[in-house]
Amino acid sequence: MNQYELKITGKDLKRFLKNLHSMNIQMHNIEYLDKSIIIRVNEEDYKKIKNIKTIYEIEVTQYFGPVKILVFLKKYRIFFFFLMLGILTIYFLSYLVFDITIVHNKKEIRNLVLEELKEHGIEKYHFILSFDKQEQIVENIIQKHRDIIEWMEIERVGVSYIVKVEERKVKELDTSSEPRDLVAKKDGLIVNVEASEGSVVTTPGKYVKKGDILVTGKIMNKETLMAKVRATGKVFAETWYDVTVELPYHYQEESKTGNQKKVLTINFLGETINLFDFNPYENKKVKPIQTIKNPLLPISISLNQEIEVEKKDYLYTKEMAIVEASNIARNKLRKKLGEEDQILYEKSLKISEEDSKIIIVIFFKVKEDITAYQQIPEEVKDPEVES
């Protein structure tokens, strides 16, 4: 319901109030000042007062209800007109592509991809396509150039496209014939040796140190060097790791709800105001899409992508923390190991608690490829022996 706060100034104000009362005008919150009074009336009674011919000065000091918004919009209508114009401009521009970057070191690959994108409607100052359409274009380009392109991805960053390309490479055969040894790249206990060229000089169960020769390229007949070959193969050994994990008993998990929306914001003097966001997310991640600002003005307008997230608090028991620490430690270790390496055994060596967190040192026994390579140097002949 609309209400108006009026300030009435003049002589013999009590008499004027009696006249208003006789006209069945309902007055609220009456406040007497030195030479004026403050009253609040509804919209219908305000219209009656406006039609009264009087020598009293009547001024509206405040508005209440929907009329307050209407008066505010009317007062700043020019500002809001240009604001809406700016918002619509930003919204329109946010759907245009202003830059396309092809990430590859070969110019011919970059040019090829750029031409293919143009044929599929992806180029500067064209509208941004949907994610599904982008994926279909990527698939088409890869299918067309299978012999050149191994993998491709289009990533939208604001009003730009970042296109990542990986060239298909034919695996080149190792044609080098330089003789070499297989040596240990770290300490370990030999598990098994797979050698297709060279002479095996180690055996399962033997402890080796970093740099020890495992398979030599020197072919010997007793004490006589018969030939030098390029030793090939793999040597697996039992190696050992200690992984330390610190885990807080209290932790928070964040997950996406699937809800997302675009929101216009005004940033003014450090304050951020969301426009037309009548149902704001309690927890969210914000990705800027486009921002319009001037370094000389303390105001900017931004179009952001808001992704709603859900936060949940959890509390580990000691047993749960040990299990989780084991999973974290295994994941850390797997990042260091090769595809053929295996974790054979694990054991918690030390468990301590400090500042609401648990610290666990976990020992791992691993079957690991310890193969490294070492060229066999040319032997320098003694000139005295030759003479």
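The values are calculated or read from the model by the stated rules, or taken from the named source; none is laboratory data. All values reported here derive from a predicted model rather than from experimental measurement. Note that we place each Cβ from the backbone using ideal geometry, even for glycine, and neighbour counts take in every protein chain shown. Just so you know, the surface numbers come from the protein's heavy atoms only, side chains and all, with ligands and any DNA or RNA stripped out. Shrake-Rupley method; radii C 1.70, N 1.55, O 1.52, S 1.80 Å.
One residue stands out among those in segment 30-85 that are part of a helix (DSSP H, G or I) and in contact with a strand residue (DSSP E or B) (Cβ under 6 Å, 6 or more places away or on another chain): the one that is farthest from Asn2 (Cα to Cα), which is Val71. Under the condition of being open to solvent by 80 Å² or more (accessible area, probe 1.4 Å) and not aromatic (Phe, Trp, Tyr), the residues counted in segment 231-258 number 7. Scanning segment 326-347 for residues that are among the acidic types (Asp, Glu) and either surrounded by 11 or more Cβ atoms within 10 Å (Cβ to Cβ) or in a strand (DSSP E or B) (or both) yields a total of 2. Of all residues in segment 296-312, those that are open to solvent by 70 Å² or more (accessible area, probe 1.4 Å) have Cβ atoms under 7 Å from Cβ atoms of residues that are outside any loop (DSSP other than H, G, I, E, B) and modelled with pLDDT of 85 or more, 6 or more apart or on another chain, in Glu310/Ser255; Glu310/Thr257. Taking the stated definitions as given, is Thr203 of a type in the set (Val, Ile, Thr), modelled with pLDDT of 90 or more and surrounded by fewer than 17 Cβ atoms within 10 Å (Cβ to Cβ)? Yes; evaluated as a whole, the condition is true for this residue. Only one entry of Leu96, Leu117, Leu83 meets the criterion of being modelled with pLDDT of 90 or more, farther than 26 Å from Asn19 by Cβ and surrounded by 13 or more Cβ atoms within 10 Å (Cβ to Cβ), and that entry is Leu117.
For Gln260, indicate whether it is in a strand (DSSP E or B) and modelled with pLDDT under 80. For Gln260, the condition - in a strand (DSSP E or B) and modelled with pLDDT under 80 - is not met.
Determine whether Leu88 is on the phi < 0 side of the Ramachandran plot and modelled with pLDDT of 80 or more. So Leu88 fails the test. Of everything in segment 1-53 that is hydrophobic (A, V, I, L, M, F, W, C) and within 20 Å of Val67 (Cα to Cα), the residue that is nearest to the chain's Cα centre (by Cα) is Met1.
Just one residue in the set Gln143, Gln136 is polar (S, T, N, Q) and either under 25 Å from Phe98 (Cα atoms) or open to solvent by less than 30 Å² (accessible area, probe 1.4 Å) (or both); that residue is Gln136. Residues in segment 271-281 that are exposed (fewer than 11 other Cβ atoms within 10 Å of the Cβ), assigned to a loop (DSSP other than H, G, I, E, B) and without any contact (Cβ under 8 Å) to a residue 12 or more places away in the chain: 2 in all. Any residue in segment 182-197 that's under 16 Å from Gln374 (Cβ atoms) and in contact (Cβ under 8 Å) with a residue 60 or more places away in the chain: show its pairings with residues that are of a type in the set (Ser, Thr, Tyr) and surrounded by fewer than 18 Cβ atoms within 10 Å (Cβ to Cβ) at Cβ separation under 9 Å, as long as the two are six or more apart or on different chains. Short answer, once both residue conditions are applied: Leu182/Thr232; Leu182/Tyr373; Val183/Tyr373.
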